[in-house]
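Notes for the one structure printed next.
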């Protein structure tokens, strides 16, 4: 049961969820806000691929790059227009704003494009498989693992070696003190939204890649997964988010092979039970520590 | 250099400062004394822009800075060593110092500034790659001061630098503040440890319940005010007796 195929597929699923959770935790770290509009950044990237994909002349990698950038731009835009004006208000105001942004973005595509699912053209290798010994592995899964490794190394470099990254880590710990160093609050917050959007965009490629279609509500499932994974892994650090993503992927795949066929549709219910157990017995998540709870004010 | 006039500040409905005025000339070292809750930290927060004053003016080098953001006041040359050190615990000493230099960063002089900090605080060189949170209280205080100095401030403000430190470490920190002043740094020192602070300052202001109670030289202050009541808080925490 636990063979090469299982391992690669689990690492691949875990990688995708790790990126997903990381994007959510980046914003949470600075603003202490669970951004419920995060799933919609994934959705808009999917629609960007759908729209650009209409034009057959544009190569797939250009489509994907534009979609990822588009998610980052939309994320940054929501920060400017929706979150910045309420930033110094209560956390509740921020939460409600994130719901509003989510509903707004869903309705924009509902009205301007269609309530129904739309096809997203993908390169051929997304549906090809590779045979390694006895294992049959989708090429897409290997691409996810590769992409995740590159992104995690890149993000680590940015956070450890650049001044902006150091400032972002400092701001997640002590926001006001970071401003006292001369670091502009807006710069740090915008940067986190842009990184969060970029991660959502990358996730979108692979999320949409499973079904090759996109619909207005496609963001709901990944948002939930990111939220659950960060609760398990630990909301207070980026390492926690990555761990949570991998643990989620592992538990999910274990449930998939362990549960009898009649119970497989209750897989999500089992995941929720695990989350409840976490909340009861280890509410801080697997990875303790990280930054404090000082809010932006 | 810094002139605060008729400053009012409040936290919601609670007014913390009722018309405070103070002045610091270039090269001076001035203490702002008072018990807990007298409004010392509130005054510093207003000057740095962390707290928006309700009323009053704050001018620095002839420019109005009330209602400025914290990030812009540090660029102007006011640097704060916050109460309780407030170093970035998960960042290394190196990263803490790098952020300290953020406001007025110049690549060419960054290395020399670092070397200067190592001379002032040799311990920071030893601990350069360690997380700030792993340092002892006294070392953290040194890091907080060094971090503030990295922005090459024209005015250095220290909020309770001796808080929670051993007597020996307190001596060391006060010697250091004194040394910084002798090198020409203008300093505003906020202290509860009035006795100790008065040994090193040119002038002092005494705050009580959000208003100025007294201002003058340390000698004048010692003559007119019962220092023990300022230092220990006395029976009633808000007022210290002034014998005029």
Estimated inter-spin distance, residue A:163 and residue B:63, nm [label 7 Å along Cα→Cβ]: 1.8
Mean ellipticity per residue at 222 nm, deg cm²/dmol - from DSSP H runs of n ≥ 4 across chain B, formula -39500 (n - 2.57): -10500 deg cm²/dmol
Centre separation in Å (Cα based) which lies between segment A:155-234 and segment B:74-125: 27
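Would you list A:173, A:268 from fewest to most Cβ contacts within 10 Å?
A:268, A:173
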Separation between Cα centres of segment A:55-129 and segment B:161-209, rounded to whole Å: 54
Exposure proxy ranking, count of Cβ atoms within 10 Å, fewest first, for A:69, B:114, B:189: A:69, B:114, B:189
In degrees, nearest ten, helix B:167-182 long axis to first principal axis of chain B (Cα): 90
Relative contact order computed over segment B:78-151 (Cα-Cα under 8 Å; 6+ residues apart), in percent: 56
Residues B:18, A:50 arranged by fewest to most Cβ contacts within 10 Å: B:18, A:50
Per-residue [θ]222 nm for chain A (sum of -39500 (n - 2.57) over DSSP H runs n ≥ 4, rounded to 500): -23000 deg cm²/dmol
Residue B:11-residue A:6 pseudo-label distance in nm [points 7 Å out on the Cα-to-Cβ vector]: 5.6
GNM flexibility winner over chain A from A:140, A:116, A:87 (Cα, springs under 10 Å): A:116
Mean separation of Cα contacts under 8 Å, 6 or more apart, over the residue count of segment A:55-197: relative contact order %: 32
Among A:102, A:75, A:127, residue whose mean-square fluctuation peaks in a GNM of chain A (springs only between Cα atoms under 10 Å): A:127
Residue B:131 versus residue A:210: modelled label distance in nm, points set 7 Å from Cα along the beta carbon direction: 3.5
Relative contact order (percent, whole number), chain A, Cα cutoff 8 Å, 6+ residue spacing: 36
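Laboratory data are not the source of any read-out in this text; all were calculated from the coordinates shown. Only a predicted model underlies this, so the values are computations on that prediction, with no experimental measurement involved. Ideal geometry is used to build each Cβ from the backbone, glycine not excepted, and the neighbour counts take in all protein chains shown.
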